[in-house]
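Engineer: Below you will find the structure I want to go over with you.
The values are calculated or read from the model by the stated rules, or taken from the named source; none is laboratory data. All figures in this text were calculated on a predicted structure; none of them were measured in a lab. So basically every Cβ, Gly included, is an ideal-geometry build from the backbone, and we count neighbours across all protein chains shown. Surface areas here come from the heavy atoms of the whole protein model, side chains and all, with no ligands, DNA or RNA. Shrake-Rupley method; radii C 1.70, N 1.55, O 1.52, S 1.80 Å.
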Amino acid sequence: RGIVPENHPRRDSILLRERLVEAMEKEIVVPQGLIAHGRGECFDYLIGEKTRDFAQIAIEEAAALLITAKNPVLSVNGNTAALVPTQLVELANTIPAKLEVNLFYRDTVREIAIEKALRQAGAKEVLGVGEDASETIPELFSQRRRVSKRGIFSADVVLLALEDGDRTEALTRIGKKVIAIDLNPLSRTSMKATVTIVDNVTRAIPALKEKVMELKRDPERVNRILESYDNREVLRKAMRYMAERLNQLSLDL
Ligand code: PTJ
């Protein structure tokens, strides 16, 4: 593929695009995933491509929930398998949590390609592939309703990213705590999740692993964090940050 100059100001962003296109050729990512990524890039511009305080607060809450969960599950789709396979496996090992493939555009070829990517990244077990995804989430009509009995079906805390609002809503309705990573604070997923991390998965997943390691050494802090969290306030902060940053940039012109 074309060489991206070392000093190109948008090098990292271009390399991520290359990674997604390569993953599409391996049938990990769907073409729609490229469009979804473009929407994410736009919101990432608005926050200056950094993990801001509203994301840090949500990451802390997410880490506390994952550590104290009975059966935490990390849900993996095409885009996250392409962008952060190793980081997802490391996060799952650190918590520890299960990894489950769950796709909007589900087909056997993709399930197997994603399982392979996760195993190459070091995963010992990958749920939600083939017959393992034989349970269903009630009142959900996309292919995302198919889940593993040992995984999302019996999970108390589910972490997901680049999600559609329907499943987030269906999962919370059946009593699960949902941690969503979504750069768009206006999406239905962001609004319906228990905890919304408005940040890029490429930054949020490693940051979450660091936070899990930190909080595991400090159980008292975990309880304090769990008592005081307000997701609406986090979303408000994210929206205000975007608006104020744009305003400031317009004044600086
Ligand atoms: O792999 P599949 O079959 O499960 O399909 C996955 C896609 C992404 C195609 C599917 O879930 C989809 O259509 O997603 P949406 O409805 O486009 O939602 C994607 C959301 O994720 C949008 O709100 C984007 O802003 C956000 N987003 C995109 N890239 C990133 C992101 N959030 C965090 N990090 C990103 N890198």
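Engineer: With θ taken as phi - 60° and the coefficients 6.51, -1.76 and 1.60, list the Karplus ³J(HN,Hα) couplings across the range 242-253 in order, rounded to whole Hz; mark glycine and proline as x.
Structural biologist: Listing the rounded values in order: 4, 4, 5, 5, 4, 4, 4, 4, 5, 6, 6, 4 Hz.
Engineer: Carbon and sulfur together cover what percent of the accessible area of the range 11-83 at a 1.4 Å probe radius? Before the final figure, lay out each step's value.
Structural biologist: Details: 1730 of 3230 Å².
Roughly 54 percent, rounded to a whole number.
Engineer: Here's a follow-up. Return the percentage of antiparallel bridges among DSSP beta bridges fully within the chain, rounded to the nearest 5 %.
Structural biologist: Values: 2 of 18 bridges.
Antiparallel bridges make up about 10 percent of those DSSP assigns within the chain.
Engineer: Also, I was wondering about something else. What does the helix-only formula give at 222 nm for the chain: each DSSP H stretch with n ≥ 4 adding -39500 (n - 2.57), the total divided by the residues, and the result rounded to the nearest 500 deg cm²/dmol? The partial results should precede the final answer.
Structural biologist: On the way: 11 runs with 137 residues, N = 253.
Computed ellipticity for the chain at 222 nm equals -17000 deg cm²/dmol.
Engineer: Can I ask one more? Taking the Cα atoms of the chain alone, what are Rg (to one decimal) and Dmax (as a whole number) in Å?
Structural biologist: Looking at the chain, its Cα Rg and Dmax stand at 17.7, 57 Å.
Engineer: Where the accessible area of the range 108-214 is counted over protein heavy atoms with a 1.4 Å probe, how much of it, in %, is carbon and sulfur? Show your work: numbers first, answer last.
Structural biologist: Numbers: 2290 of 4400 Å².
Ligands and nucleic acids excluded, carbon and sulfur give 52 percent.
Engineer: Need one number for the range 18-153: average projected area of the convex hull over its C-alpha atoms, nm². Kindly include the intermediate steps, with their values, before the conclusion.
Structural biologist: On the way: hull surface 35.6 nm².
The orientation-averaged projected area of the Cα hull of the range 18-153 comes to 8.9 nm².
Engineer: Sequence neighbours fewer than 8 away in the same chain don't count; with that in mind, list the lysines whose C-alpha is under 16 Å from K98.
Structural biologist: The reachable lysines, counting only those whose Cα sits under 16 Å from K98, are K70, K116, K124, K149, K176, K177, K209.
Engineer: Further, regarding this structure: Please give every one of the aspartates and glutamates within straight-line cross-link reach of K192, meaning a C-alpha to C-alpha distance under 18 Å, and leave out same-chain neighbours fewer than 8 residues apart.
Structural biologist: The reachable aspartates and glutamates, counting only those whose Cα sits under 18 Å from K192, are E61, E139, D156, E163, D164, D166, E169, D182, D230, E233.
Engineer: Send over a whole-number figure in Å² for the accessible area per residue of the range 53-235, probe 1.4 Å. Spell out each step's value before the answer.
Structural biologist: On the way: 7520 Å² over 183 residues.
Heavy-atom accessible area per residue stands at 41 Å².
Engineer: A further question follows. I need the phi-derived Karplus couplings for the range 62-76: 6.51 cos²θ - 1.76 cosθ + 1.60, θ = phi - 60°, integer Hz, Gly and Pro marked x.
Structural biologist: 4, 4, 5, 5, 5, 5, 8, 6, 7, 9, x, 10, 9, 8, 10
Engineer: Okay, moving on. Once both labels are modelled 7 Å past Cα along the beta-carbon direction, what's the V4-D164 spacing in nm?
Structural biologist: The modelled label-to-label distance comes out at 2.9 nm.
Engineer: Only sites in a loop by DSSP and with at most 14 other Cβ atoms within 10 Å count here; which trypsin sites (Lys or Arg not before Pro) in the range 30-94 make the cut? Provide the component values of the computation, followed by the final result.
Structural biologist: Numbers: sites: R39, K50, R52, K70; in loops: K50, R52, K70.
Loop-located and lightly packed - K50, K70.
Engineer: Same structure again: Counting alpha carbon pairs within less than 8 Å and at least 6 residues apart, what relative contact order, in whole percent, applies to the chain? Could the numbers behind the result be given before it?
Structural biologist: Numbers: 423 pairs, mean separation 57.2, N = 253.
Relative contact order, the chain: 23 percent.
Engineer: Please report the spacing between the Cα centers of the range 46-88 and the range 147-220 in Å, no decimals.
Structural biologist: 7
Engineer: Moving on. Using modelled backbone amide H atoms (1.01 Å from N, in-plane), which distant-in-sequence or interchain residues come within less than 5 Å of L127's amide H?
Structural biologist: Placed amide hydrogens put L99, E100, V101 under 5 Å from L127.
Engineer: How much net charge surrounds N102 when only other residues with a Cβ under 10 Å from its Cβ are counted (Lys, Arg +1; Asp, Glu -1)? Don't skip to the end; give the middle numbers.
Structural biologist: Numbers: positive: R106, R144, R145, R146, R167; negative: E100, E111, E163.
Taking every other residue near N102 into account, the sum is +2.
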